[in-house]
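Since the structure comes first, as structure tokens, the remarks are kept for the end.
The values are calculated or read from the model by the stated rules, or taken from the named source; none is laboratory data. The structure presented is a predicted model; accordingly, all values stated were derived computationally and were not measured. Cβ placement follows ideal geometry from the backbone for every residue including glycine, while neighbour counts extend to all protein chains displayed. Ligands, DNA and RNA are stripped out before the accessible areas are found, and what is left, the full protein with its side chains, is counted by its heavy atoms. Shrake-Rupley method; radii C 1.70, N 1.55, O 1.52, S 1.80 Å.
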Amino acid sequence: MHIPFLSFAPQHNPLREEILAAIAAVYDKQWYILGDEVRVFEAAYALYNQVNHCIGVANGLDALHLTLKALQVGPGDEVIVPSNTYIATWLAISFVGATPVPVEPNPFTYNLDPAYIEAVITSRTKGIMPVHLYGQACAMGPIMTIAERHGLWVVEDNAQAQGSAWEGRLTGSFGAANGTSFYPGKNLGALGDAGAITTNSEELANQLRILRNYGSQQKYYNEVIGHNSRLDELQAAVLSVKLPHLLVWTQQRQEVARLYDQHLRGLGDLILPAIEVGATHVYHLYVVRTQFRDALQQHLTKHGVGTLIHYPVPPHRQQAYAHLHMNLGTYPIAEELAATSLSLPLWPGMQSEQVSEVASIVNSFFVNQ
Ligand SMILES: *Cc1c(COP(=O)(O)O)cnc(C)c1O
């Protein structure tokens, strides 16, 4: 039996006719940039995320970058960011000329630890960028309290956590403005690159609409130095077909995770995902940890099971950030997570037999160790 890391088939096969019809409608209408499809999806996603505004953009990285630009973050400013995120969160800060100030995560939830935040706040700190990593909501209550106490903004990186919540309130609705990604493998995925910003601020929403479209409201009149980062009509049409199914897909992800939890508990030194009280987890990824990560990954590969490592190198150890001179040992929790984490196969519609098969191969690794 071959079990891939990810399959789109159970999501996309039943929607094939509907999605192709939506694409054909855009094709025939001959309006390809910033039209009704983007407007309709933005309204639907704002409603879904329980915010006043959604601004569709080209990808998740642009969503974060343009948001920092709209907040007028720039050189000399410091932004607090997790030490163990996907590099996009750091890149957004670097693009506006500000300095990423890493904070270590809780070693079991993998999310920003509010207890470590205040120690790094300086007079130059402007904001905090929590990342709801792997799909679990950060402790947004304590994070918002710290931000308010110090007069900082919050920008959530909600790329992995569409539909997740902290104490009943959806991620992507706490920050001044928040970025998300519709990269194909994300919980809500387009058929290519796409992203969005969610905000309750009308002022930020207006600025972001200008920034994504050449700094222009009126064609050929440019108010600011803007970007070309528009959500495509085609991708918006596809996302509008998929959005109503997100809740069921999330439940299917949670069921797969529940089965993994059940099958994998107590195996060797294996550490399973831990959920903080108050948070929900939408399982963008099911990440386990072991000192024998590389050997376990090889064992799974040998038995036809696809896995990935999220992420093998933390941002501060990437060559792109070599100029920061953050040596090995600077952020030990992030480094430990990079050395021990392994993401198991998980997708909405993954069969329970497939989950048991993966679990029994993991089990055979620890039994024969
Ligand atoms: C995917 C992702 C992004 C970037 O999204 P793109 O659409 O690929 O640009 C940003 N942050 C996190 C945590 C992500 O997982």
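Some notes on this structure:
- Seen from Tyr331, the other residues with C-beta closer than 13 Å to its C-beta sum to a net charge of -3, counting Lys and Arg as +1 and Asp and Glu as -1.
- Contact order normalised by residue count of the stretch 1-123, Cα under 8 Å, 6+ apart, percent: 16 percent
- Span-like helix criteria (full DSSP H runs; alpha carbon extent of at least 30 Å along the helix axis; mean Kyte-Doolittle hydropathy of at least -1.0) are satisfied in the chain by no helix.
- Excluding ligands, DNA and RNA, the accessible surface per residue across the stretch 69-188 is 31 Å² with a 1.4 Å probe.
- Here the dipole of the chain is about 240 debye; that uses its Cα centre as origin and unit charges on the Cβ of Lys and Arg (positive) and Asp and Glu (negative).
- Trypsin sites (Lys or Arg not before Pro) within the stretch 257-337, DSSP loop, no more than 14 other Cβ atoms inside 10 Å: Arg265
- Extension gain for Phe8-Phe95 works out to 28.0 nm (0.36 nm per residue, less the C-alpha to C-alpha distance).
- Summarising the strand pairing of the chain, around 65 percent of its internal DSSP beta bridges are antiparallel.
- Most to least packed among 211-224, 346-359, 184-197 [average Cβ atoms within 10 Å]: 184-197, 346-359, 211-224
- Anisotropy class of the chain from Cα gyration tensor, a/c 1.5 cut: oblate
- In this view, the solvent-accessible surface of Phe292, computed with a 1.4 Å probe and all protein chains in place, comes to about 90 Å².
- Mean separation of Cα contacts under 8 Å (6+ apart) over length of the stretch 238-321, as relative contact order %: 22 percent
- Candidate lysines - alpha carbon under 21 Å from Lys186, same-chain residues fewer than 8 apart omitted: Lys242
- Only protein heavy atoms count here; on that basis, with a 1.4 Å probe, Asp232 has an accessible area of about 70 Å².
- The GluC sites (Glu not before Pro) of the stretch 98-194 that meet both conditions, a loop assignment by DSSP and at most 16 other Cβ atoms within 10 Å of the site Cβ, are Glu167.
- Around Ala190: net Lys/Arg minus Asp/Glu count, Cβ-Cβ under 14 Å: -3
- Projecting the Cα atoms of Gly226, Ala196, Leu152 onto the charge dipole of the chain, computed from C-beta unit charges around the Cα centre, puts Gly226 farthest toward the positive end.
- Positive contributions from Lys and Arg (+1) and negative ones from Asp and Glu (-1), summed over other residues with Cβ under 12 Å from the Cβ of Gln351, come out at -3.
- Spatially proximal aspartates and glutamates relative to Lys302 (Cα-Cα < 13 Å; intrachain offsets below 8 disregarded): Asp294
- Note on Ala43 and Leu328: the model spin-label points, each 7 Å out from Cα along the C-beta direction, lie 5.6 nm apart.
- Percentage relative contact order, the chain, counting C-alpha pairs under 8 Å, at least six apart: 22 percent
- Bridging of Lys69 to aspartates and glutamates at a Cα separation below 13 Å is possible for Asp77, once same-chain residues fewer than 8 apart are set aside.
- Accessible-area composition of the chain, carbon plus sulfur, in percent [1.4 Å probe]: 54 percent
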